[in-house]
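See below for the structure under consideration.
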Amino acid sequence: MTPSELLAAARELIARPDAATAGVWPRTAALLARQAIEQAIASIWKAQADTAGLAACTMRSQLTCLPSYIDAETAAQVAYTWAALSGACHYHPYELAPTATELINWIEDADQLLVRLP
């Protein structure tokens, strides 16, 4: 799936919650949005021969390198959105799942960032 398709699937989960996805749709939507960002970043690395190896690094390492290849503001927003979605993907017994409003905002942020990434 392309990053845009992943974001569309995340939006679909939020817009049409189903009894079969009760309790898991917030984290699933966050995971889909995070995957969209990860795929977009991987395509940046694969576009240049000298950065192709970065795609095999951890995402935190990739986010650390990102400001060297795109503008710093966009790189910071990508890192923030990715971290927020990453936190939302994991189950913590002492935290609630993200709300639909939080997810919609993060998905919109991811969508805007995909447009700004080369």
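The values are calculated or read from the model by the stated rules, or taken from the named source; none is laboratory data. From a predicted model like this one, the values you see are computed outputs, not experimental measurements. Cβ: placed from backbone, ideal geometry, glycine included. Neighbour counts: every protein chain shown. For accessibility, only protein heavy atoms count, side chains too; no ligands or nucleic acids. Shrake-Rupley method; radii C 1.70, N 1.55, O 1.52, S 1.80 Å.
Numbers at a glance
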| item | result |
| --- | --- |
| Residue, nearest to D111 (Cα to Cα), within region 27-47, restricted to residues that are of a type in the set (K, R) and open to solvent by less than 60 Å² (accessible area, probe 1.4 Å) | R34 |
| Failed item in (1) of a type outside the set (S, T, Y); (2) open to solvent by 70 Å² or more (accessible area, probe 1.4 Å); (3) under 28 Å from R16 (Cα atoms), with D50 passing the rest | (3) |
| From S61, S86, S68, residue being open to solvent by 70 Å² or more (accessible area, probe 1.4 Å) and either touching a helix residue (DSSP H, G or I) at 6+ places or on another chain (Cβ under 6 Å) or small (G, A, S) (or both) | S68 |
| Whichever residue in region 89-118 is in contact (Cβ under 8 Å) with a residue 60 or more places away in the chain, open to solvent by less than 60 Å² (accessible area, probe 1.4 Å) and assigned to a loop (DSSP other than H, G, I, E, B) and, among such residues, is nearest to A42 (Cα to Cα) | L117 |
